[in-house]
Amino acid sequence: MSIELGCALLVLFPAACFWATTSKTRWLPWAVLAAILAWGWLGWTSLPAGSQGLWLSAVGCSACGVLYAAYGAGKSLQERGRLRSRLEERGRVRVALSQTVATLKARSSRLEGEERELQALYAMVKGLSEALSWEEARPRVESAVRQYLGTEEFALYVSDLRCPESLYPLVVRRLGGSVGASWDTLSRTLQEQHVSLGAGEILEVPERAVVIPIRDSSEMMGCLYARVPAGADPQALARKAAGLMEEIAFAFRRVKLFQEMERLSRVDGLTGVYRRGVLDARLAEEIVRAGTFKTSLCFMLLDVDHFKSLNDAYGHPFGDQVLRRVGEILRASVYETDFVARYGGEEFAILLPRAEPAGVLRKAEAIRAALEREIFQLALQTVRVTASIGIAHYPRDASTAEAIVQRADQALYYAKENGRNRVVDILQVPRGRHSNKGNPL
C-alpha cells in the first residue's frame, strides 16, 4: 500500500464518522477510532522507515478528526434531541389546545342550545301566566310540553277545584290504548306498582313512560304522563319534565286563584249558593233561551218561615246556621242543570229549565218536607224550621224575567198568608189576590 492511498483513506474517516453518527450509533466514533489505530499500526509496520513519520502524523490527525467529529456529532445529537423534544411538546400543546377548543365549542353549542330552550321555556311560561281559565291554558300547556320535551304522546291531568283529591284530563294526546289515557287506569297502575307521586317516576311496565307530579308546595295540582320517545334517555326526559312542571305549577296556581276569586264573587259565602246578581243574569239568559227554543222554565221562591222571630229568639248565629243548612239542602235537591241562588235575606230562588209543572210541584214538596224534617240543636233545645215556596212558569204565567219573579213572589205571599209551610203554584192563587200583596211575617 502506498502512503498516499493510506493518507487519503485516513482523511475520509472523520467525515464518515460525523455523517454516520446518530442517536442509535453513538458507538461509531469509537469503532472508527479503533479502526484508525489498527490501520495506523498496520501502516507503521509495513511502511519504510522514511515514511513512518509522515504516516504517524496522518494517523494522529485522522484520530483527532474523529474525536472532534464525535464531539460535534454529540452536540448535534443533543441539539436535535432538544429540538425534537420541543417539537413533541409543541405537538402535545397543539393537541391539548385542539381538544380544549373542541370542548369549548361543544360547551358553547350546548350552552346555546340551553339558552334557546330557556328562552323558549320563558316564552311558554309567559304565555301560560296570561291564562285565566283552563280553556285558555289547555292549548298553551299542550304546545309547551310538545316543544320543550319533544314528545307527542302524553297526558296532563289537573285537580278539580271542588274535589282536589281527584284529577281530570286537561290534555290527552296520542295515548290510545295506553294506561295514561285515563286517570282511573293510571292511578290504579301506580298503586299496583307501589309508585308514589311524591317525586317523578319512570315506568317500565306496561310501557316506558315518565310520571311527573305538578305540585305547589305540598298541594297536588296535577300530573304529567309522557311516553319516552324511541332512543331518548328517560332520566334526562324526567329531569327536563320536572323542571317544566315546576313552571307550569305557577300558571296552574294562577288559574285556580282566578277561579276561586270568580267563584267567591258569584257565590254567597254563607249559604254556598249563587248571589242575587248572578241569578238576575242567569234568569235573563234562560228566558231568552226558552223563548228561542220554545221550551219552559220554572222559577221558584223559597222563604224561611218566621225567620225574624228565630233571629230574635235564638240570635243571629243560629239564623246563620239555619240559612247555611237551607243552602245545603237546596243544592242537594236539584240537578246540575238547575240553578240555586240567595235572593235576599232568608229568601232563596231556584231556576229549573225545561221543567214540567207536575214535576216541579213534587220537587218543591220534597224540599219543603226535607226542611221540615231538619232538626237544629241549640244548647238543650231542639228547634225545627219550615219554609214556604211560591212557583211560577214561563211562558205559562209570565213572558219576562221581571214578570215571572213577580208571579212567584205572589204565590209565595199566598202560601205565607194561608198558614205557611206549604207549596203554592201561582195557578192556585185566586185572580183577585194576585196583586194584593202585604208583608206577612
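Output yes when any residue across the range 172-194 is more than 21 Å from ALA242 (Cα to Cα), surrounded by fewer than 19 Cβ atoms within 10 Å (Cβ to Cβ) and among the hydrophobic types (A, V, I, L, M, F, W, C), and no when none is. No, the range 172-194 contains no residue that is more than 21 Å from ALA242 (Cα to Cα), surrounded by fewer than 19 Cβ atoms within 10 Å (Cβ to Cβ) and among the hydrophobic types (A, V, I, L, M, F, W, C).
Being assigned by TED's automatic domain parsing to the domain that holds ARG140 and touching a Gly at 6+ places or on another chain (Cβ under 8 Å), is that true of even one residue in the range 184-204? Checked against the condition, which is being assigned by TED's automatic domain parsing to the domain that holds ARG140 and touching a Gly at 6+ places or on another chain (Cβ under 8 Å), the range 184-204 yields at least one hit.
Each residue in the range 308-343 was checked for being more than 24 Å from LYS363 (Cβ to Cβ) and among the acidic types (Asp, Glu), and 2 pass. Residues that are of a type in the set (Val, Ile, Thr), at pLDDT 85 or above, more than 30 Å from GLU260 (Cβ to Cβ) and outside the structural domain of LEU257 (by TED's automatic domain parsing) occur at least once in the range 102-109. The condition of being without any contact (Cβ under 8 Å) to a residue 24 or more places away in the chain and surrounded by fewer than 15 Cβ atoms within 10 Å (Cβ to Cβ) holds for only one of GLU328, GLU285, that being GLU285.
When SER178, SER218, SER159 are checked against the criterion of being touching a residue at least 12 places away in the same chain (Cβ under 8 Å), within 30 Å of ARG331 (Cβ to Cβ) and in the same structural domain as GLN259 (by TED's automatic domain parsing), a single residue qualifies: SER159.
Scanning the range 110-140 for residues that are among the acidic types (Asp, Glu) and modelled with pLDDT of 85 or more turns up GLU135, GLU136. Scanning the range 374-406 for residues that are exposed (fewer than 15 other Cβ atoms within 10 Å of the Cβ), within 22 Å of ARG420 (Cα to Cα) and of a type in the set (A, V, I, L, M) yields a count of 1.
If you check ALA379, ALA398, ALA387, ALA355 for being closer than 13 Å to LEU302 by Cα and not acidic (Asp, Glu), only one passes: ALA387.
The values are calculated or read from the model by the stated rules, or taken from the named source; none is laboratory data. These numbers come from a predicted model, not from an experiment. Here Cβ is always computed from backbone atoms with ideal geometry, including for glycine, and neighbour counts include all displayed protein chains.
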